[in-house]
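Peer 1: My questions will all concern the structure given below.
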Amino acid sequence: MAKIKKIKGAWVRLSPRDYLFYTIIDIFLVVMLVIVAIPMWSTITLSLRSNTFIGSNLEGMFLPPWKWSTAAYKTMLGNSGFINAFFNSLKIFIMGVTCALFFTVPLAYSLSIKTLPGKKLFNVLILIPYLFNVGLIPSYLVVIRLGLTNKLAAIFLPMAISTYNCIIMRGFFEGIPDEIKESARIDGASEITVLLRIVLPLSKPIIMTIGLYYGVSFWNDFFNAMLYINNNSLQPLPILLRNILISSGMNEFLEVNAFGLAPIQAIKAASVFMAAIPMLLVYPFIQKYFTRGTLLGSVKG
């Protein structure tokens, strides 16, 4: 017997086979949610434990809220090294996303123009570094010769243009009707004017999506910072977080009182969670553009 299910705001009559399919999908999504939620909840509850807690990790996950302690977060926020690393990461995030979009948008738009001379050649040249990585040593030598060592630009400038992101954005630009762009050109608008006044206002979903891709990459990157930044005052949050997680003791990175209110493991968990908070705050504002921007950009990519 056919079942009725609400799909995208409309009630649809499903056959038994379709109903079974949607049931399996729902179960799969619930399982994936549990797999993701359990480690996250474990980290959050671990960061809220005090030195007086006695029990297993399972008991700590179900600790009542009135027994939670914010001592670990007070320790992190009260440390100048953590605050400095956080603002360094924030600078990298803002400057990196701005710089990456500044380079990626004009390049993707240029490759989307059908009348561009040598368009096929340029597309091939763009794909070469994507398919064949030059390696770590040449990249390191280029950064050194540009004088970017011990500068925040060394983290985001080498990754300012991602071929993958450029291809997705190019596909989105190609999906914009040519009639709209041609009407502006007939009125005497230059290509820069067409890009700024016609294309960009219609491209908010893809710009938000690609900006999120770049932002997550820059915020979580620690390898470039480990290679090119030796000044402790310029180290971003991922480097500090890495040092905290692999250290046997915390006093090397944070001033922790052995008789304090927060255990070492709680401080480590708090540092992990606080490093993820900015992305958790940004994503809800971009989520509505995320799926539409990615799908539309990949149609012709």
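Peer 1: Just one of Tyr130, Tyr73 is at pLDDT below 90, within 30 Å of Met169 (Cβ to Cβ), surrounded by 11 or more Cβ atoms within 10 Å (Cβ to Cβ) and not polar (S, T, N, Q); which is it?
Peer 2: Tyr130
Peer 1: Can you pull out the residues in region 191-235 that are farther than 18 Å from Arg170 by Cβ and either touching a Gly at 6+ places or on another chain (Cβ under 7 Å) or of a type in the set (Phe, Trp, Tyr) (or both)?
Peer 2: Selection gives Phe218, Trp219, Phe222, Phe223, Tyr228.
Peer 1: Here's another thing I want to ask about it. Check Phe53 against each of (1) hydrophobic (A, V, I, L, M, F, W, C); (2) part of a helix (DSSP H, G or I); (3) in contact with a Gly (Cβ under 8 Å, 6 or more places away or on another chain) and name the one condition it does not meet.
Peer 2: (2)
Peer 1: Then there's this: Quick check on region 132-152. Is at least one of its residues farther than 26 Å from Asn243 by Cα, among the hydroxyl-bearing types (Ser, Thr, Tyr) and assigned by TED's automatic domain parsing to the domain that holds Arg170?
Peer 2: No, there is no match, as no residue in region 132-152 is farther than 26 Å from Asn243 by Cα, among the hydroxyl-bearing types (Ser, Thr, Tyr) and assigned by TED's automatic domain parsing to the domain that holds Arg170.
Peer 1: Could you count how many residues in region 71-102 are within 18 Å of the chain's Cα centre (by Cα) and without any contact (Cβ under 8 Å) to a residue 60 or more places away in the chain?
Peer 2: Of the residues in region 71-102, 4 are within 18 Å of the chain's Cα centre (by Cα) and without any contact (Cβ under 8 Å) to a residue 60 or more places away in the chain.
Peer 1: Right, something else. Counting only residues that are part of a helix (DSSP H, G or I) and of a type in the set (D, E, K, R), which one in region 12-47 is nearest to the chain's Cα centre (by Cα)?
Peer 2: Among those residues, the one meeting the criterion is Asp26.
Peer 1: Please verify whether Asn224 is in contact (Cβ under 8 Å) with a residue 12 or more places away in the chain and not aliphatic (A, V, I, L, M), treating the condition exactly as stated.
Peer 2: yes
Peer 1: Here is a follow-up. Given the options Leu245, Leu241, Leu237, Leu200, name the one that is at pLDDT 80 or above and either surrounded by fewer than 17 Cβ atoms within 10 Å (Cβ to Cβ) or over 28 Å from Ile137 (Cβ atoms) (or both).
Peer 2: Leu200
Peer 1: Has region 167-176 got at least one residue that is among the aliphatic types (A, V, I, L, M) and modelled with pLDDT under 85?
Peer 2: Checked against the condition, which is being among the aliphatic types (A, V, I, L, M) and modelled with pLDDT under 85, region 167-176 yields at least one hit.
Peer 1: Within the bounds of region 81-92, is there any residue that is among the basic types (Lys, Arg), out of contact with any Cys (no Cβ under 8 Å at 6 or more places or on another chain) and assigned by TED's automatic domain parsing to the domain that holds Thr209?
Peer 2: Scanning region 81-92, I find at least one residue that is among the basic types (Lys, Arg), out of contact with any Cys (no Cβ under 8 Å at 6 or more places or on another chain) and assigned by TED's automatic domain parsing to the domain that holds Thr209, so the answer is yes.
Peer 1: Filter region 173-231 for residues that are farther than 14 Å from Phe156 by Cα and of a type in the set (Phe, Trp, Tyr) and give the result.
Peer 2: The answer is Phe173, and nothing else.
Peer 1: OK, next. What number of residues within region 177-188 satisfy the criterion of being closer than 14 Å to Ser203 by Cβ and assigned to a helix (DSSP H, G or I)?
Peer 2: 2
The values are calculated or read from the model by the stated rules, or taken from the named source; none is laboratory data. Keep in mind it's a predicted model, so treat the numbers as computed, not measured. Because the Cβ atoms are built from the backbone with ideal geometry, glycine has one as well, and the counts that use them run over all protein chains shown.
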